[in-house]
Amino acid sequence: MNFNTLLKKLMNKGNSKDIAKKRLKFALLTDKLEIKTDTLGNLQRDLVEVISRYFEIDTESIKIDIQRSEESSALIFNTPILSAHRQRGIPAA
Amino acid sequence: MDGKVVVVTSGKGGVGKTTISASLGAALALQGKRVAVVDMDIGLRNLDVVMGLENRIVFNIVDIIKGRCKIKQAAIRDRRIDNLYLIPASQSDDKNAIKPENMVWLTNRLRKEFDVTLLDCPAGIEQGFKNSIAAADEAIVVCTPEVSAVRDADRIIGLLYAQSITPKLIVNRIVPEMVKNGDMLSHEDVVEVLAIDLIGLIEMDDRVVVSTNTGTPLILQEESKAGMALQRIALRLDGHPDLPIENPMDKKSFWKKLGSRFSRKN
Ligand SMILES: Nc1ncnc2c1ncn2[C@@H]1O[C@H](COP(=O)(O)OP(=O)(O)O)[C@@H](O)[C@H]1O
Ligand SMILES: [Mg+2]
């Protein structure tokens, strides 16, 4: 640690590069979440296909969305389950 | 054997693509390769002045593509460095004057004549970028340790992967003093975020400006740290991929130097 960093630590000032890195990581994440409009539609179709192997779901009332806040981003998938399938699922590999 | 085509690209402007293309071209030629450096920035050429060849332009890349001249007529030979050639951009044409298939055609011919063809890509992700990557076998992505430059690099890397090209990274304009003080992203930070392999690190160096002022190759300047770094990058690009990458932060500090002096005496 050199004198300037020490001084900053003592004055309780964060390094500007730490701020830069945090901002950068967040920007890259949101850039990648800015997906093409048909991507969400395709994802929904694929998800329905997989989930339907296990559960009977109401394909009409499904909601899929990406929620962003300052700290994090989440993929929200919401579907009512009508019933569970017996003895199904992915065939053994 | 056919030569290879390497694109130097970045997304963001002003990060050092042209400087690096010119110097790598010179370094590779001095290492005994036949090299063509191509200015892909149609309408806004600059590589010619950086290489100091601006007053020798007769034909340009668009003339070649439109069949108005032969490749040999447009390629300017550097008289100071053997086997180094520049193919200048056109200053008057529109950037849509060339299409990716034209570049594939041109580079296939250049491969027969040159061991290495370097494409100095314009900023942005439009036509000039598309033309440049359509023809490239390898890519060097340049960025500076700044949020905007790294973000653009990330976008470019994604587009290169989509073309099945795995790029290598140069971090340029590093100021060790600022990194030390915590006021500049370190190259480790940048590599961590971008998750690609480095091919070199270049410090901020006043010699770069001097070399551009006079149009003399940076690598011919004694004592240029950037020039030395670029010579080593040229080696890594051509047959010595494992040459260790020197860390600009490793420089011995004044105190350490003093310390080693004392210890030598003892
Ligand atoms: N390592 C360096 N040290 C100092 N100045 C540099 C360095 N690399 C590039 N520059 C300067 O930065 C500016 C932009 O460089 P340039 O190569 O034209 O970038 P680009 O082609 O990416 O737009 C120029 O003025 C150049 O002299
Ligand atoms: Mg340029």
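Using alpha carbons only, how many degrees (0 to 90, rounded to 10) separate the axis of helix B:254-265 from the longest principal axis of chain B?
Roughly 60 degrees between the two axes.
Per-residue HN-Hα couplings for region B:95-112, Karplus 6.51 cos²θ - 1.76 cosθ + 1.60 at θ = phi - 60°, whole Hz, x for Gly and Pro?
5, 8, 5, 10, 10, x, 5, 5, 5, 4, 4, 5, 5, 4, 6, 5, 4, 6
Enter the accessible area per residue of chain B (Å², integer; probe 1.4 Å; all protein chains in place).
47
Across peptide B:145-153, what mean number of C-beta atoms from other chains lies inside 10 Å of a residue's C-beta?
Mean partner-chain Cβ count within 10 Å for B:145-153: 3.
Note every residue of region A:21-35 with a reduction of at least 50 square angstrom in accessible area, all protein chains present versus the isolated chain, computed with a 1.4 Å probe, or write none.
At a threshold of 50 Å² (probe 1.4 Å), the residues of region A:21-35 that become less exposed are A:K21, A:L24, A:L28.
Semi-axes, largest first, in whole Å: what does sqrt of 5 times each Cα gyration tensor eigenvalue give for region B:93-167?
Gyration-tensor ellipsoid for region B:93-167: 23, 15, 11 Å.
At a cut-off of 20 Å², which residues of region B:155-190 become less accessible once all protein chains are present than in their chain alone, using a 1.4 Å probe?
B:K180, B:N181, B:G182, B:D183, B:L185, B:D189
Write down the Kirkwood hydrodynamic radius of chain B, to one decimal in angstroms, obtained as one divided by the mean of 1/r over all alpha carbon pairs.
It is 18.9 Å.
I want the local charge near B:N46. Using Cβ-Cβ distances under 11 Å, sum +1 for each Lys or Arg and -1 for each Asp or Glu among the other residues.
In short, -3.
In terms of the ratio Rg/(2.2 N^0.38 Å) built on C-alpha atoms, what value belongs to the protein assembly as shown?
Ratio of Rg to 2.2 N^0.38 Å for the protein assembly as shown: 1.23.
Using r as the Cβ-Cβ distance of A:K32 and B:D250, and R0 as 25 Å, what FRET efficiency do you calculate, to the nearest 0.05? Spell out each step's value before the answer.
Details: r = 34 Å, r/R0 = 1.35.
Efficiency computed from Cβ-Cβ geometry: 0.15.
Any chance you could check the Cα centroid distance between region B:21-41 and region A:23-59 for me, in angstrom?
45
Bin width 5 Å, origin at 0, all Cα-Cα pairs of region B:25-146: what percent of pairs per bin?
That works out to 2, 11, 23, 26, 21, 12, 4, 1, 0, in percent per bin.
Ordered by packing density, taken as the mean number of other Cβ atoms within 10 Å over each peptide's residues, highest first, how do B:108-121, B:184-197, B:64-77 rank?
Put in order of decreasing packing, that is B:108-121, B:184-197, B:64-77.
Computing the accessible area with a 1.4 Å probe over protein heavy atoms, can you report the carbon and sulfur percentage for the protein assembly as shown? Can you show the working numbers first?
On the way: 10330 of 20120 Å².
That share works out to 51 percent.
Excluding ligands, DNA and RNA, what is the accessible area buried between chains A and B, summed over both sides, using a 1.4 Å probe, to the nearest 100 Å²? Can you show the working numbers first?
Details: alone 8230 and 13330 Å², together 20120 Å².
In total, chains A and B hide about 1400 Å² from solvent.
The values are calculated or read from the model by the stated rules, or taken from the named source; none is laboratory data. Quick caveat, the model's predicted, so the values are computed rather than measured. Cβ sites come from the backbone with ideal geometry, for glycine too, and all protein chains shown count toward neighbours. Just the protein is used for accessible areas: all its heavy atoms, side chains included, with ligands, DNA and RNA removed. Shrake-Rupley method; radii C 1.70, N 1.55, O 1.52, S 1.80 Å.
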